[in-house]
Amino acid sequence: MERKIRVLIAKPGLDGHDRGAKIVARALRDAGMEVIYTGLHQTAEKIVKTAIQEDVEVIGLSLLSGAHMTLFVDVANMLKENEMNDVLIVGGGIIPEDDVPALKKAGISGVFGPGTRVDEIVRFIIENVKR
Amino acid sequence: MNNLVSKVIKGNTRAIAQMITLIENNDSDAIDAMKEIHKKSGNAHVIGITGVMGSGKSSLIFELAYQYRKQGKKIGIIAVDPTSPFSGGAFLGDRVRMMELATDDDVFIRSMGTHGMLGGLASSVFDVVEIFDAAGMDIILIETVGVGQAEVDIVKIADTTLVVLVPGLGDSIQTIKAGLMEIADIFVVNKADKTGVEQVVAEIESMLDISSKSDRETPIVTTSTKKHLGISELVSEISSHRNYLKKEKLIEVKRRKRYEAELTEIIKMRLMNLIFDESKFKERIDTLIDQISNKELDPYSAADEILGKILK
């Protein structure tokens, strides 16, 4: 049995809209992945500790409120501090194109804004998971 | 691997998480390491929580864990959700209700899919219980799926089994399938803030009157996780049950049933892998299925042939 990809879908910060995150979560499940969902209003610390316990290979961060440069980067830095260097980080939500290079530099490997097809996200994860 | 095992026994979070992943993926070194883990297990109180979907199991686990933490206990939580038999994937959402505990280093929450072809509880759940136990956890809470075989199977792993019901399910007790009502060491009627609680309690009581066989009266506790009510009573009943098991020397009996169930699951899993995954049988099975479809052969004769090959 091939090892399943375990993904953590997290909603950092105060943004209360999780419909998109749940749609992505379901698509990943339908693609054969095990998806753990944190629910709303998570801190970077909770997200990282959850990622460690659940031993996930992928973290998907969803944010629509515009605080991604702080919150996504916080998560990426905290993962580095915890030596979780094999985790693929992807992000989605309302993220301006101009912010994407800085996010990638901070360790967010894929940024998927509105209009992204879910199968693009699935393919990205399968191709980029660090094994 | 030895390094990983010693870290697990010291309670290192990362090591525990990695060991669980290795076991879930049938890593042979990890399976070998279970010999040592097995020797160090057997101390934790294992509590199984089952019941219909939407009965508030996850929230109840959160409340229980919160109380046990006040007692200074170390907690392991296994949250099981169904794996799709079609895609092989799973949406593991039980943790949502428990995230307030996510920063407590003495609470370890692991979400798992059911992933066995045979339904029920995957053999890896037994392993995770042992890993948690060997890592020094005092209480292990297991939440099962609200449907299927896993509900009833939980009694094979747990020392204390809680069956959670809620008011407003109509003829709830009558329609609840056989087995679920029989496995309870404690009944919990959750969402007690809603109307209809007394009816559910009365139904459980009358059912218990008819079927009472054991020397212990099965307690019924009403709780409301929303209003944080009834939780200390529940903790108290769980503790009483644990004392009852110790007094009547039933812990050994329970453990024996657990190991029997685990052995059975491992054998089943290995046999299924051997027959359906190993290529030497796969081709023959495909041919046999074609023959059954063409009415050249019946399923029993086909099974005789395959089993004959294995049991030779």
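The values are calculated or read from the model by the stated rules, or taken from the named source; none is laboratory data. Only a predicted model underlies this, so the values are computations on that prediction, with no experimental measurement involved. Cβ placement follows ideal geometry from the backbone for every residue including glycine, while neighbour counts extend to all protein chains displayed. SASA here: full protein model, heavy atoms, side chains in, ligands and nucleic acids out. Shrake-Rupley method; radii C 1.70, N 1.55, O 1.52, S 1.80 Å.
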Output for Cβ contacts, cut-off 7 Å, separation at least six or different chains, first residue free of Cβ contacts under 8 Å to residues at least 60 places away in the same chain and closer than 11 Å to B:Ser84 by Cβ in the range A:25-37, second of a type in the set (S, T, N, Q) and open to solvent by 10 Å² or more (accessible area, probe 1.4 Å), reads A:Arg29/B:Ser84; A:Arg29/B:Ser87; A:Asp30/B:Ser87; A:Gly32/B:Ser87
Only one of (1) at the interface with another protein chain (Cβ under 10 Å from one of its Cβ atoms); (2) part of a loop (DSSP other than H, G, I, E, B) does not apply to B:Ser111, and that is (2)
A:Val90: passes all of (1) more than 14 Å from chain B (Cβ to nearest Cβ); (2) touching a residue at least 40 places away in the same chain (Cβ under 8 Å); (3) under 14 Å from the mean Cα position of the chain (by Cα) but (2)
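Having 2 or more residues that are buried (at least 20 other Cβ atoms within 10 Å of the Cβ), touching a residue at least 12 places away in the same chain (Cβ under 8 Å) and aromatic (Phe, Trp, Tyr) is the bar; report the helices (runs of 4 or more DSSP H) wholly within the range B:10-83 that clear it. Lay out the reasoning, then the answer.
Working: elements: B:13-24, B:28-39, B:57-70.
In the range B:10-83, the matching helices (runs of 4 or more DSSP H) lie at B:57-70.
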_Take A:Val122 and tell me if it is within 13 Å of chain B (Cβ to nearest Cβ), farther than 23 Å from B:Ala102 by Cα and β-branched (Val, Ile, Thr)._
yes
In the set A:Glu83, A:Glu45, A:Glu54, the lone residue that is open to solvent by less than 10 Å² (accessible area, probe 1.4 Å) and over 13 Å from the mean Cα position of the chain (by Cα) is A:Glu54
| Is it true that some residue in the range A:88-96 is surrounded by 17 or more Cβ atoms within 10 Å (Cβ to Cβ) and part of a helix (DSSP H, G or I)? | no
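For (1) within 30 Å of B:Phe276 (Cα to Cα); (2) buried (at least 20 other Cβ atoms within 10 Å of the Cβ); (3) of a type in the set (A, V, I, L, M, F, W, C); (4) modelled with pLDDT under 95, each residue gets a yes or a no:
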{"site": "B:Phe108", "(1), (2), (3), (4)": "no, yes, yes, no"}
{"site": "B:Gly113", "(1), (2), (3), (4)": "yes, yes, no, yes"}
{"site": "B:Leu121", "(1), (2), (3), (4)": "yes, yes, yes, yes"}
{"site": "B:Leu141", "(1), (2), (3), (4)": "no, yes, yes, no"}
{"site": "B:Gly148", "(1), (2), (3), (4)": "yes, no, no, yes"}
{"site": "B:Leu165", "(1), (2), (3), (4)": "no, yes, yes, yes"}
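If you take just the strands (runs of 3 or more DSSP E) that sit entirely in the range A:1-63, which of them hold at least 2 residues that are facing chain B (nearest Cβ under 9 Å) and of a type in the set (A, V, I, L, M, F, W, C)? Outline the logic, then answer.
Details: elements: A:6-10, A:34-37, A:58-63.
Output list reads A:34-37.
Would you point out which residue out of B:Arg216, B:Arg242, B:Arg270, B:Arg284 is charged (D, E, K, R), within 30 Å of B:Gly72 (Cα to Cα) and out of contact with any strand residue (DSSP E or B) (no Cβ under 6 Å at 6 or more places or on another chain)? Let's see the steps before the verdict.
Details: B:Arg242 fails: out of contact with any strand residue (DSSP E or B) (no Cβ under 6 Å at 6 or more places or on another chain); B:Arg270 fails: within 30 Å of B:Gly72 (Cα to Cα); B:Arg284 fails: within 30 Å of B:Gly72 (Cα to Cα).
On inspection, the qualifying residue turns out to be B:Arg216.
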Note on B:Ile20: of the conditions (1) under 21 Å from the mean Cα position of the chain (by Cα); (2) more than 14 Å from chain A (Cβ to nearest Cβ), unmet is (2)
